[in-house]
Every structure is written in C-alpha cells, then in structure tokens.
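The values are calculated or read from the model by the stated rules, or taken from the named source; none is laboratory data. Given the structure is predicted, the values throughout are model-derived calculations rather than measurements. Here the Cβ is made from the backbone with ideal geometry for all residues, glycine too, and neighbour counts use every protein chain on show. Note: areas computed on protein heavy atoms with side chains; ligands, DNA, RNA excluded. Shrake-Rupley method; radii C 1.70, N 1.55, O 1.52, S 1.80 Å.
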Amino acid sequence: MKTVIVYFSRHQEHTKKLLDAIAAEGDVTLYDVMSAQPIDLNDYDRIGLASGIYYGGFAKPLLKFAAERLPEGKDVFFLNTLGSPHGDYFEPVRVILEEKDCNEIGAFGCFSYDAYGPFKLAGGISKGHPTQEEIDGAVAFYRGL
Ligand SMILES: Cc1cc2nc3c(=O)[nH]c(=O)nc-3n(C[C@H](O)[C@H](O)[C@H](O)COP(=O)(O)O)c2cc1C
C-alpha cells in the first residue's frame, strides 16, 4: 500500500520529528507542502495530513493544498502537534474530506513545546514534548492504521 504524508512543520519541526520516526519504519513518502517538487496524490492509496496547530487549526498552506489537490475517495489520516488543546482542530480539514468523499481512517495528536507569543514570556508551555513516548505513540498509531 503506497502511503504519503503531506506535512507543514515550520515552528520547531516537532511534527516532523513524529514523521521521521514513522518514515524510519518503512515505506512511506514524506512531502513538505512548501516544497517546490511536484507530486500527484493520485499515485498513493493512503494520504496523511500532518501539521503543527497554528491559531486553532492546521497550517493554512496544508489546508489549501488539501482543498486543491486531495483526490476524491482516498483514505486519509491526520497527525498534529500542539501547545495546548482547546477544541477540535480537525474540523476544517474534515469538511474538506467530506466534500471530496474521502474516508478518515485515524487521527493522532500530541503536545509539543510552544514558545510562541505570550508563552515565550512564561518560558513556553509543554516543555520537553514531544517525548520519546509520544513519538513512539505516533509510530504505533501509524502501524495500527
Ligand atoms: C504562530 C503560532 C501559532 C500557534 N497556535 C497554536 C494554537 O492555536 N494552539 C496550540 O495548541 N498551539 C499553537 N501553537 C504551537 C504549535 O502548534 C506547536 O509548537 C507545534 O508543535 C508546531 O509544530 P512544528 O514545530 O511542527 O511547526 C502555535 C505556534 C505558533 C508558532
């Protein structure tokens, strides 16, 4: 089964840490959504969308990419890292999946050190995350898909 994970990981590359551990497991393509390299998602059976949470949702470039480039009828899963949970961050991307008749097959999220804006003054939140246990959790999630 061909799998690609399309990701946006720019703040501290914490989301990418999870993805690198998943990629070390075997046959999965990682595609940086900001990359200039062309990619055709039709070539893949399973598509992951992964991002840090920015202002309450997936990074805008990833949402835009999903809206424009996600083929219809695919199996899709989500991964995210975030500073502190407040609500359902997957809602906007689920709307895109519904429009494209795609099937959500799983979602994984974990904490990540966040020193953005006001949190910087307080020394940041969720220090030390993602932990090795959380990274292993992401790998176990992927294996279980
Ligand atoms: C501009 C900005 C906005 C953020 N907004 C949120 C947010 O709304 N909720 C949250 O829990 N974390 C928020 N964070 C923390 C990030 O989700 C967290 O650091 C994440 O791990 C970043 O992923 P990355 O290092 O893979 O880019 C924000 C971080 C930045 C830089």
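What is the stretch 1-40's relative contact order, in percent, from Cα pairs under 8 angstrom and six or more apart in sequence? Write out the running numbers ahead of the final one.
Values: 33 pairs, mean separation 20.7, N = 40.
The value is 52 percent.
Quick one: pull the percent of accessible area on the chain belonging to carbon and sulfur, 1.4 Å probe, ligands and nucleic acids left out. Working shown, then result.
Values: 3810 of 7550 Å².
Heavy-atom surface of the chain belonging to carbon and sulfur, 1.4 Å probe: 50 percent.
Between Rg and the Kirkwood Rh of the chain, both from Cα atoms, what is the Rg to Rh ratio? Before the final figure, lay out each step's value.
Values: Rg = 14.7 Å, Rh = 15.4 Å.
For the chain, the value is 0.95.
The residues of the stretch 3-143 expose, per residue, 51 Å² of accessible area to a 1.4 Å probe.
Order the following by accessible area, largest value first: SER112, SER35. Probe radius 1.4 Å; ligands, DNA and RNA are ignored.
SER35, SER112
Distances between placed amide hydrogens fall under 5 Å for ILE105 paired with VAL76, PHE77, all partners being 5 or more residues away or on another chain. On full extension, the segment bounded by GLU98 and ASP27 gains 22.8 nm, given 0.36 nm per residue less the C-alpha separation.
So which chymotrypsin sites (Phe, Trp or Tyr not before Pro) in the stretch 15-89 end up in coil per DSSP with only 16 or fewer other C-beta atoms within 10 Å? Mind dumping the intermediate values first?
Details: sites: TYR31, TYR44, TYR54, TYR55, PHE58, PHE65, PHE77, PHE78, TYR89; in loops: TYR44, TYR55, TYR89.
For chymotrypsin sites (Phe, Trp or Tyr not before Pro) across the stretch 15-89 that sit outside H, G, I, E and B with at most 16 neighbouring Cβ atoms in 10 Å, the list reads TYR55.
Considering only DSSP beta bridges where both residues belong to the chain, give the percentage that are antiparallel (nearest 5).
Working: 3 of 28 bridges.
Bridges in the chain that DSSP calls antiparallel: roughly 10 percent.
Can you compute the FRET efficiency between ASP45 and HIS86 using 1/(1 + (r/R0)^6), with r the Cβ-Cβ distance and R0 = 30 Å? Round to the nearest 0.05. Provide the component values of the computation, followed by the final result.
Working: r = 34 Å, r/R0 = 1.12.
E(calc), rounded to 0.05, equals 0.35.
Available extension along the chain between ARG143 and THR131 is 2.5 nm, counting 0.36 nm per residue and deducting the alpha carbon span.
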